[in-house]
1. Check off (1) in a loop (DSSP other than H, G, I, E, B); (2) in contact (Cβ under 8 Å) with a residue 12 or more places away in the chain for Pro46 and give me the number that stays unchecked.
2. List the residue pairs whose Cβ atoms are under 6 Å apart, where the first residue sits in region 202-224 and is in contact (Cβ under 8 Å) with a residue 40 or more places away in the chain, the second is within 15 Å of the ligand (Cβ to nearest atom) and open to solvent by 60 Å² or more (accessible area, probe 1.4 Å), and the two are 6 or more positions apart or on different chains.
3. Under 6 Å between Cβ atoms, which residue pairs at least 6 apart in sequence (or on different chains) link something in region 23-42 that is among the hydroxyl-bearing types (Ser, Thr, Tyr) with a partner that is open to solvent by 60 Å² or more (accessible area, probe 1.4 Å) and not in a strand (DSSP E or B)?
4. May I ask you to list the residues in region 235-247 that are open to solvent by 40 Å² or more (accessible area, probe 1.4 Å) and in a loop (DSSP other than H, G, I, E, B)?
5. Return the residues of region 151-171 that are more than 13 Å from the ligand (Cβ to nearest atom) and either assigned to a loop (DSSP other than H, G, I, E, B) or under 15 Å from Glu215 (Cβ atoms) (or both); say none if nothing qualifies.
6. When you check Asp82 against the structure, is it under 30 Å from Lys169 (Cα atoms) and among the charged types (D, E, K, R), yes or no?
7. Could you count how many residues in region 126-150 are part of a loop (DSSP other than H, G, I, E, B) and either of a type in the set (Lys, Arg) or closer than 18 Å to Arg232 by Cα (or both)?
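The values are calculated or read from the model by the stated rules, or taken from the named source; none is laboratory data. Every value quoted in this text rests on a predicted model; they were computed, and no experiment measured them. Here the Cβ is made from the backbone with ideal geometry for all residues, glycine too, and neighbour counts use every protein chain on show. We work out accessible area using only protein heavy atoms, side chains counted, and drop any ligands, DNA or RNA first. Shrake-Rupley method; radii C 1.70, N 1.55, O 1.52, S 1.80 Å.
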Amino acid sequence: MKGQLVIAGLGPGPEGWVTPAATEAVAAADIILGYTPYVNRITARPGQVLEASDNREELARAERALALAAGGSRVVVVSGGDPGVFAMAAAVYEAVESNPASVEDVDIRVEPGVTAMLAAAARIGAPLGHDFCAISLSDNLKSWTTIEKRLRLAAEADFVIALYNPASKARPQQIRKAFEILSAVLPPETIVVFARAVGRPDEEIDVATLARAPEMPCDMRTLVIIGSQATRQVRSPDGRAWVYTPRAERR
Ligand code: SAH
């Protein structure tokens, strides 16, 4: 039988945010590989093997998944959120590009998932209602100069900006540098949403202005959304509040 490799997204957390197709792929797998916290979300059935590894081993994991699938196994590589957004699907295709023969006897497909940006947006209202972009602040795989340029130009183009990987233990200060760069272009009252651990028991959603953003807590489990100049808050008489971006450009 031909081997199978599915790169599946598990969404940001709750079971209800995992697609039935991803659930089916995981249930049918002989072996499931991924970063430890994602693999830990899976309960193996008898006969199924779970193989967790470190976050920095993405390419090695991709190559191993391809090799196992080439041997005839049904292999699933899991990512949090969507596997194509700063995650394993691109790592697998990098491995395919460097060794195209590795995929010869393998059926390969990606099962999408709810990415953190969409889950965070849904919690607060509709901040992504008009044009937006997503930028990872991690400089593991690109230079900080590139990140600075993308932040500046995205702000100048007035995109809503979703920031993935805003901070980590190794990079606690970069988010502040990012706010400095954005503040040179955007007004201080620009809305900034901090969505931490969306869908988890310790979820926390905060809304601040760009001027106050540097004081807000922000870690590697936070997704930051910087509003465009049209992004605003809307309130109900009973005190509820949401952030949204109107669909139409103001003329
Ligand atoms: N593939 C993932 C993103 C991986 S990059 C996805 O599609 O969501 C990791 C970054 O995603 C984190 O640093 C954080 O910015 C964001 N993230 C992932 N899960 C999150 C969650 N439950 N709540 C808030 N942000 C999350």
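1. (2)
2. Going by the 6 Å Cβ cut-off, the qualifying pairs are Ile205/Arg123; Thr222/Arg196.
3. Cβ pairs passing all conditions: Tyr35/Asn55.
4. Pro237, Asp238, Gly239, Arg240, Arg247
5. Residues of region 151-171 that are more than 13 Å from the ligand (Cβ to nearest atom), as a first pass: 151-160.
Of everything in region 151-171, those that are more than 13 Å from the ligand (Cβ to nearest atom) and either assigned to a loop (DSSP other than H, G, I, E, B) or under 15 Å from Glu215 (Cβ atoms) (or both) turn out to be Ala157, Asp158, Phe159.
6. Details: under 30 Å from Lys169 (Cα atoms): yes; among the charged types (D, E, K, R): yes.
Taking the combined requirement at face value, the residue satisfies it.
7. 6
This table checks each residue for (1) surrounded by 12 or more Cβ atoms within 10 Å (Cβ to Cβ); (2) closer than 15 Å to Met117 by Cβ.
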position: Val160; (1), (2): yes, yes
position: Ser183; (1), (2): yes, no
position: Val192; (1), (2): yes, yes
position: Glu215; (1), (2): no, no
position: Glu249; (1), (2): no, no
